[in-house]
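K.L.:
Please find one structure pasted underneath; my questions will follow.
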DNA sequence: TTTTGAGTTGTTCGA
DNA sequence: GTCGAACAACTCAAA
């Protein structure tokens, strides 16, 4: 289209719920007036837990406020809804940030086809990542399968600067989807408190973290009893802040904390890249031979794990933190994941699904490939003998026991480290804390033996 | 093509 | 308490 020709377009928001550093918004605004749209897609809404639904709705409300109440929210299959909205305002172009996930790619292809039938077009600009998945390749032109070489190539490639400020955008609305008409009701979360949603809150949090959290990040991030993480995983998941913005904020910082944080952002990009190249690994084993392990069916032991009643304090604290807050510390995610797969011999997919149901930051690529890493079926090269010991992990990363006591009231009467070993205290079970449902040393050996069998 | 070096986050054992 | 070795030889990336 000629630059002088002004026309109305649609900006369809998905996981890019912000107005700053937004290339697709720039592309839309360059064409003329823009109708902002969000579609509540049952395929994504139905499997979501209440926490994620509530967080999304609050983020949408924050976005709507920034848009002067003009956000159009519709419900239904995007392949039907998006062309209908575009037709309503005579838009021939619908702008989006490209989705790299398996469902999103499939959905967007369907929407693009549906738009084509009406002589309209889906325009994908940018991705939720600093470097688009599928971009980084090794010397043979193939995707990396090991993190460290990927990260070197990722750094060498470099990442773009944040997108320009869009300036004054001609936001329009059509009066159909506004005023909360089609907004789902916000689920009742009871006592669960969510962090403030929206772009402004994400930026405030990021600035605070740069000022006061980053210097100790590399040490503190492994401590579930400390507040040492950025608390921005949900903001990244919903695109309230883009990793470009964060990498620009880290530019020039050479501290260990900055290095470690960049590496964590790189892990997010690596797993998105892996999933882009192997979409089926969202559900299937990245290393298929691991599917041949002997696994237990989901039953009582899974329920004990999910509800935080395994009798292993750090595991129970983690699972209860998940349900109480919609978030779990990353160190503890690894511990509880290892426990489910290696101690209870349940396939990682069940745990991954449980996490996605509760996590406010639940991201398919990071979550499921994190699970595969723990299960030993993922991109990590070989250390099959890595089985987390829930007691020593607890003692090492929650040395004072504060984290356990915060989430497991039955253990609050135990002081210090003793909270990790109630079986060593005379009154360890005085408040109905459950006995250990399995013997870790034994189950560890079962897992290792089975692994050896599968390998041979 | 062959070879070499290296691999997020671990655990246990024994000195 | 601390430290190094063993776990068991595997796969990938790059020279």
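The values are calculated or read from the model by the stated rules, or taken from the named source; none is laboratory data. Only a predicted model underlies this, so the values are computations on that prediction, with no experimental measurement involved. Ideal geometry is used to build each Cβ from the backbone, glycine not excepted, and the neighbour counts take in all protein chains shown.
K.L.:
Kindly provide the set of residues from region A:54-78 that are within 25 Å of the chain's Cα centre (by Cα) and over 29 Å from residue A:192 (Cα atoms), ordered by number.
P.N.:
A:77, A:78
K.L.:
Pull up region A:371-388, narrow it to residues that are under 13 Å from residue A:444 (Cα atoms) and near DNA strand B (Cβ under 8 Å from one of its atoms), then point me to the one that is modelled with the highest pLDDT.
P.N.:
A:388
K.L.:
Then there is this: How do the helices (runs of 4 or more DSSP H) wholly within region A:159-277 filter down when requiring 2 or more residues that are within 28 Å of residue A:138 (Cβ to Cβ), modelled with pLDDT under 95 and outside the structural domain of residue A:402 (by TED's automatic domain parsing): which remain?
P.N.:
Correct list: A:256-277.
K.L.:
Within region A:105-119, can one find any residue that is within 16 Å of DNA strand B (Cβ to nearest atom), out of contact with any strand residue (DSSP E or B) (no Cβ under 8 Å at 6 or more places or on another chain) and either outside the structural domain of residue A:372 (by TED's automatic domain parsing) or modelled with pLDDT of 95 or more (or both)?
P.N.:
no
K.L.:
Residues to consider are A:284, A:280; find the one that is outside any helix (DSSP H, G or I) and surrounded by fewer than 17 Cβ atoms within 10 Å (Cβ to Cβ).
P.N.:
Unique residue meeting the criteria: A:284.
K.L.:
Identify, from the list A:325, A:281, A:263, the residue that is under 21 Å from the mean Cα position of the chain (by Cα) and closer than 27 Å to residue A:60 by Cα.
P.N.:
Unique residue meeting the criteria: A:325.
K.L.:
Quick one: what pairs do we get from region A:263-281, first residue free of Cβ contacts under 8 Å to residues at least 40 places away in the same chain, second within 13 Å of DNA strand C (Cβ to nearest atom) and outside any helix (DSSP H, G or I), C-beta under 7 Å, 6+ apart or different chains?
P.N.:
Short answer, once both residue conditions are applied: A:278/A:286.
K.L.:
Quick test for you: out of A:102, A:133, A:47, pick the one residue that is on the phi < 0 side of the Ramachandran plot, crowded, with 17+ Cβ neighbours inside 10 Å, in contact (Cβ under 8 Å) with a residue 40 or more places away in the chain and in the same structural domain as residue A:23 (by TED's automatic domain parsing).
P.N.:
A:102 is the lone residue from the list that is on the phi < 0 side of the Ramachandran plot, crowded, with 17+ Cβ neighbours inside 10 Å, in contact (Cβ under 8 Å) with a residue 40 or more places away in the chain and in the same structural domain as residue A:23 (by TED's automatic domain parsing).
K.L.:
Take region A:403-427 and flag every residue that is part of a helix (DSSP H, G or I), touching a helix residue (DSSP H, G or I) at 6+ places or on another chain (Cβ under 8 Å) and closer than 20 Å to residue A:223 by Cα.
P.N.:
A:403, A:404, A:405, A:406, A:407, A:411, A:417, A:418, A:419, A:420
K.L.:
Are there any pairs, at least 6 apart or on different chains, whose C-beta atoms fall under 6 Å, with the first in region A:142-154 and farther than 20 Å from residue A:279 by Cα and in contact (Cβ under 8 Å) with a residue 60 or more places away in the chain and the second near DNA strand B (Cβ under 10 Å from one of its atoms) and assigned to a helix (DSSP H, G or I), and if so, which?
P.N.:
Going by the 6 Å Cβ cut-off, the qualifying pairs are A:151/A:266; A:154/A:266.
K.L.:
A further question follows. Residues in region A:399-418: is at least one at negative phi, within 13 Å of DNA strand B (Cβ to nearest atom) and crowded, with 19+ Cβ neighbours inside 10 Å?
P.N.:
no
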